[in-house]
Amino acid sequence: MDPTRVHITTYGCQMNRLDADLVAEVLRASGAEVVAAPPQANVLLFLTCSVRGHAEDRVFSNIGALGGRKRRRPGLVIGLLGCMAQQFGEEIRRRAPLVDIVCAPGRLAELPDLIARARAGAEATALDPRRRQAGAEAFAALDEALDGVEVRRLLGRPSAREAYVTVMRGCDNFCTYCVVPNVRGPERSRPPHSVLEEVRRLVGQGARRITFLGQAVNQYAAEEDGRRWDLADLVAGAAETPDLARLSFITSHPRAMTERLAAVFRDVPKVVPYLHMPAQSGSDAVLARMNRGYTAGEYEQRVARVRTLRPGIAIESDFIVGFPGETAEDFEATVDLARRVRFAGAFVFKYSPRPGTPAAERYRDDVPAAEKRRRHSRLLALVKEIAREQRSVPSHL
Ligand code: SAH
Ligand code: SF4
Ligand code: F3S
């Protein structure tokens, strides 16, 4: 049989980019080659995202387009990995019949075995335990396998000097629109010693800027040798690494923006003056239906506190427009919030109902598509304009 030559296509968030590095590392360690162009590969892997319907549609159409190639090269193996694998489960094989391997985010360490099985023509499926029946313990062994992988060559790294480190996996916030708690499992924080060792290793390999990753990274909470750690402790610990120049963390949940954490912006000079803290909406009624756990007023207070501690800090947000029941007034409240806070940048998304989420089960997707588009372009134009104005302000002011 030909040697295994793998190509990886990655969709979705930074966590997936980091997972792509991990997959590449696991596969290289097993003797496979990771190639840069799909035609050189005999195994095509898609690391997928389920956060919006649009992300899934792209994957289905890209995999669907491989029918001709697969007929010409019968040995070609196609793998669908990551969040969509977990979201659809076995059903994915009906939706994407060309797929040979199905592998959930927590099972990526098993890929060499899954590829060997698929190349031998056998069944190759690895799904995570279903989140609501299995607790964090069920994921612990899987996490350990992932933490043990030393990623050397980092595909998803923006540059040789920058690196990402996962500090927590999963999410327990259950924002009602969001698929992540279903596909990434319960929230679990990595042991501090394991994170700090990884930081030292990466800095030893030349990284100068480290970004901590977590879906709600500021909810990091761990206990080790009788000591409790929150994100502020972890940041302070990592900042002691000599030769590390810059440190940041994404994404922060407004509910968990504590005074202790806000203080790192003042007290730890290596922390970059940048905070990604999604507001999602400026309407209290919508925020409540989203289960976000704060009001627009509380959000603004947290922003104000951080700005007092680190004047000039760049604050970015995500917004969802057209959430079920979002009225014209609700949307205006979001526009007002964006005007008042003056974000350095923001991502704006049209609400996309996700099967299995509380919002999809509870609320009707009642904002017409044309109205979602209108709100999307209006808010996007505003945040872009504000961001542009801020960039034109000299930094010494
Ligand atoms: N954990 C991060 C981000 C998760 S997904 C956080 O809590 O902020 C990234 C962004 O996608 C979210 O912030 C949200 O704005 C958007 N998003 C998530 N689910 C969505 C959905 N069903 N429809 C539209 N946008 C969604
Ligand atoms: Fe999704 Fe909310 Fe968790 Fe972010 S905090 S991943 S939006 S459930
Ligand atoms: Fe998408 Fe999964 Fe990330 S759903 S946003 S790739 S955690």
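What number goes with the only condition from (1) in contact with a strand residue (DSSP E or B) (Cβ under 9 Å, 6 or more places away or on another chain); (2) open to solvent by less than 40 Å² (accessible area, probe 1.4 Å); (3) more than 16 Å from ligand 1 (Cβ to nearest atom) that Arg260 does not pass?
Only one criterion is unmet by Arg260, namely (2).
Restricting to the stretch 316-334, give me the number of residues that are of a type outside the set (D, E, K, R), surrounded by fewer than 18 Cβ atoms within 10 Å (Cβ to Cβ) and within 12 Å of Ser281 (Cβ to Cβ).
2
Does the stretch 237-252 include one or more residues that are closer than 21 Å to Val383 by Cβ and touching a Ser or Thr at 6+ places or on another chain (Cβ under 9 Å)?
In the first step, residues of the stretch 237-252 are kept if they are closer than 21 Å to Val383 by Cβ; the result is 248, 250-252.
Still in the list and also touching a Ser or Thr at 6+ places or on another chain (Cβ under 9 Å): 248, 250.
Checked the stretch 237-252: at least one residue is closer than 21 Å to Val383 by Cβ and touching a Ser or Thr at 6+ places or on another chain (Cβ under 9 Å).
Has the stretch 350-370 got at least one residue that is of a type in the set (Phe, Trp, Tyr) and surrounded by fewer than 16 Cβ atoms within 10 Å (Cβ to Cβ)?
Looking for residues that are of a type in the set (Phe, Trp, Tyr) and surrounded by fewer than 16 Cβ atoms within 10 Å (Cβ to Cβ), one finds none in the stretch 350-370, hence no.
Could you list, ordered by first residue, the pairs with Cβ atoms under 8 Å in which the first is in the stretch 241-263 and over 17 Å from Cys175 (Cα atoms) and the second is modelled with pLDDT of 95 or more and among the acidic types (Asp, Glu), at least 6 apart or interchain?
Pairs that qualify, where the first residue is over 17 Å from Cys175 (Cα atoms) and the partner is modelled with pLDDT of 95 or more and among the acidic types (Asp, Glu), are Thr258/Asp230; Arg260/Asp230; Leu261/Asp230.
Give me a count of the residues in the stretch 99-126 that are surrounded by 17 or more Cβ atoms within 10 Å (Cβ to Cβ) and outside any helix (DSSP H, G or I).
Summing the residues that are surrounded by 17 or more Cβ atoms within 10 Å (Cβ to Cβ) and outside any helix (DSSP H, G or I) in the stretch 99-126 gives 9.
Out of the strands (runs of 3 or more DSSP E) lying entirely within the stretch 159-256, which hold 1 or more residues that are touching a His at 6+ places or on another chain (Cβ under 8 Å), within 16 Å of ligand 3 (Cβ to nearest atom) and over 19 Å from Gly106 (Cα atoms)?
Qualifying strands (runs of 3 or more DSSP E): 246-250.
Which residues, counting only those in the stretch 11-57, are within 12 Å of the chain's Cα centre (by Cα), open to solvent by less than 40 Å² (accessible area, probe 1.4 Å) and away from ligand 1 (no atom under 13 Å from the Cβ)?
Within the stretch 11-57, Leu18, Asp19, Thr48 qualify.
Is there any pair with a first residue in the stretch 113-128 that is of a type in the set (Asp, Glu) and a second that is open to solvent by 50 Å² or more (accessible area, probe 1.4 Å) and modelled with pLDDT of 95 or more whose Cβ atoms are under 8 Å apart and which are 6 or more apart or on different chains, and what are they?
Close Cβ pairs satisfying both conditions: Glu123/Arg117.
So how many residues does the stretch 152-179 have that are open to solvent by less than 20 Å² (accessible area, probe 1.4 Å) and either modelled with pLDDT under 90 or of a type in the set (A, V, I, L, M) (or both)?
Total satisfying the criteria: 5.
Between a first residue in the stretch 315-326 that is closer than 16 Å to Ala381 by Cβ and a second residue that is open to solvent by less than 10 Å² (accessible area, probe 1.4 Å) and among the small types (Gly, Ala, Ser), which pairs have beta carbons less than 7 Å apart while being 6 or more apart in sequence or on different chains?
Ser317/Ala279; Phe319/Ala279; Phe319/Ser281
Out of all the residues in the stretch 263-272, which are assigned to a helix (DSSP H, G or I) and open to solvent by less than 20 Å² (accessible area, probe 1.4 Å)?
Result: Ala263, Val264, Phe265.
Return the only residue of Ala32, Ala55, Ala41 being within 16 Å of ligand 2 (Cβ to nearest atom) and touching a residue at least 24 places away in the same chain (Cβ under 8 Å).
Exactly one of Ala32, Ala55, Ala41 is within 16 Å of ligand 2 (Cβ to nearest atom) and touching a residue at least 24 places away in the same chain (Cβ under 8 Å), namely Ala55.
From the list Gly64, Gly12, Gly31, Gly82, which residue is more than 16 Å from ligand 3 (Cβ to nearest atom) and on the phi > 0 side of the Ramachandran plot? Spell out how you get there, then give the answer.
On the way: Gly64 fails: on the phi > 0 side of the Ramachandran plot; Gly12 fails: more than 16 Å from ligand 3 (Cβ to nearest atom); Gly82 fails: more than 16 Å from ligand 3 (Cβ to nearest atom).
On inspection, the qualifying residue turns out to be Gly31.
State whether the residues of the stretch 182-204 include one that is within 16 Å of ligand 1 (Cβ to nearest atom), of a type in the set (A, V, I, L, M) and open to solvent by less than 20 Å² (accessible area, probe 1.4 Å).
Yes, because at least one residue in the stretch 182-204 is within 16 Å of ligand 1 (Cβ to nearest atom), of a type in the set (A, V, I, L, M) and open to solvent by less than 20 Å² (accessible area, probe 1.4 Å).
The values are calculated or read from the model by the stated rules, or taken from the named source; none is laboratory data. Quick caveat: nothing in here was measured; it's all calculated off a predicted structure. Note that we place each Cβ from the backbone using ideal geometry, even for glycine, and neighbour counts take in every protein chain shown. In case anyone asks, the SASA skips ligands and DNA or RNA and just uses the protein heavy atoms, side chains included. Shrake-Rupley method; radii C 1.70, N 1.55, O 1.52, S 1.80 Å.
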